[in-house]
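The values are calculated or read from the model by the stated rules, or taken from the named source; none is laboratory data. For clarity, every value in this text was computed on a predicted model and none was experimentally measured. Here the Cβ positions follow ideal geometry from the backbone for every residue, glycine too, while neighbour counts run over all protein chains shown.
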Amino acid sequence: MESILQKIVEHKQRHISRLKQKIPKSRLEELCRKAPLCHSLAAVLEQPGPSGVNIIAEVKRASPSKGAICPQAVAAEVAEQYQAAGAAAVSVLTDEKFFCGSLEDLRQVKRAVDLPVLRKDFIISGYQVLEARAFGADAVLLIVKILSRQRLSRLLAKVEELGMQALVEVHDSRELDIAMDVGAHLIAINNRDLKTFKTNLDNAIVLAKKVKSWQVAVAASAIASPRDIRRSCMGGIFNFLVGESLMRADDRRAYLRELLHGWKKDS
């Protein structure tokens, strides 16, 4: 793994160890039992939405590759804008050190909207899956690149045990094969190579052709215009995870509506 990704994972390992001393697993399990029933992310992604596409709109203040994006953003307010504009779901970056997010953001977003809410983070432990459910997540992101096949399978089982769903992220054919082998239903195809942080919109288009009929593909990263949506739709993709371009928009509602509906203008 590229050094920044390795740094993130190593930081997560240390961070989780500290958290376990502050908040025991038993406390998280208690909170999970009190959490409301999950909204189904799969149910909204298995068919195109009213505009012909679905967008998981992301709350993202910063990233290692882009630096500060919108550091003062209030997560709940952003999520409300997304819901008003027609988002199918909301993704919340909860990593603090590298993305300026938090689990409190997740909690506040869940309270603010009536949509499936995805916890997006570098999840390497069942403890983090418990955290996600305890703070209201309906689904979590699992990244194949940072997980062994065995750990991915165990985390998927834990996600399902808690009533959530997993969006499993892949970048290449090898990772897609692993996701298939462990039975992942929702597949996020990252157009960004986490080793180099370079993006290629065609990556999702190419890999989506290999996704099985029982799986659902979501294109992630490098989606910045209706033209990008249209190009991906022509490649058979109708689900998109959009973060940076939405967060940078002066009017997020108008921009999200343009992504949802503007892609059809020149078709």
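What the table below lists for this structure:
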item	result
Selection within the stretch 24-41 - surrounded by 14 or more Cβ atoms within 10 Å (Cβ to Cβ) and at pLDDT 95 or above	28, 31, 32, 38, 39, 40, 41
Residue list for the stretch 148-163, restricted to those being touching a residue at least 24 places away in the same chain (Cβ under 8 Å) and not in a helix (DSSP H, G or I)	162, 163
Residue among 89, 68 that is surrounded by fewer than 21 Cβ atoms within 10 Å (Cβ to Cβ), of a type in the set (A, V, I, L, M, F, W, C) and closer than 25 Å to residue 194 by Cβ	68
Evaluation of residue 111 against (1) out of contact with any Gly (no Cβ under 9 Å at 6 or more places or on another chain); (2) of a type in the set (D, E, K, R); (3) surrounded by fewer than 24 Cβ atoms within 10 Å (Cβ to Cβ); (4) free of Cβ contacts under 8 Å to residues at least 60 places away in the same chain (one fails), failing number	(1)
Residue 144 vs. criteria within 14 Å of the chain's Cα centre (by Cα), more than 19 Å from residue 43 (Cα to Cα) and free of Cβ contacts under 8 Å to residues at least 60 places away in the same chain	yes
Residue that is farthest from residue 217 (Cα to Cα) [pool: residues in the stretch 42-69 that are at pLDDT 95 or above, of a type in the set (Gly, Ala, Ser) and over 16 Å from the mean Cα position of the chain (by Cα)]	51
Residue 47 touching a Lys or Arg at 6+ places or on another chain (Cβ under 6 Å) and either without any contact (Cβ under 8 Å) to a residue 40 or more places away in the chain or in a helix (DSSP H, G or I) (or both)	no
Number of positions in the stretch 70-95 that are in a loop (DSSP other than H, G, I, E, B), within 25 Å of residue 6 (Cα to Cα) and at pLDDT 95 or above	2
Candidates 216, 206, filtered to the one that is within 30 Å of residue 7 (Cβ to Cβ) and either loosely packed, with under 15 Cβ neighbours inside 10 Å or within 18 Å of the chain's Cα centre (by Cα) (or both)	206
Unique match (being in contact with a strand residue (DSSP E or B) (Cβ under 8 Å, 6 or more places away or on another chain), outside any helix (DSSP H, G or I), closer than 23 Å to residue 66 by Cβ and in contact (Cβ under 8 Å) with a residue 12 or more places away in the chain) among 166, 217, 188, 184	188
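Okay, residues lined up against (1) buried (at least 21 other Cβ atoms within 10 Å of the Cβ); (2) touching a residue at least 60 places away in the same chain (Cβ under 8 Å); (3) touching an Asp or Glu at 6+ places or on another chain (Cβ under 7 Å); (4) more than 30 Å from residue 71 (Cα to Cα):
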{"residue": "178", "(1), (2), (3), (4)": "no, no, no, yes"}
{"residue": "197", "(1), (2), (3), (4)": "no, yes, no, no"}
{"residue": "224", "(1), (2), (3), (4)": "no, no, no, no"}
{"residue": "259", "(1), (2), (3), (4)": "yes, yes, no, no"}
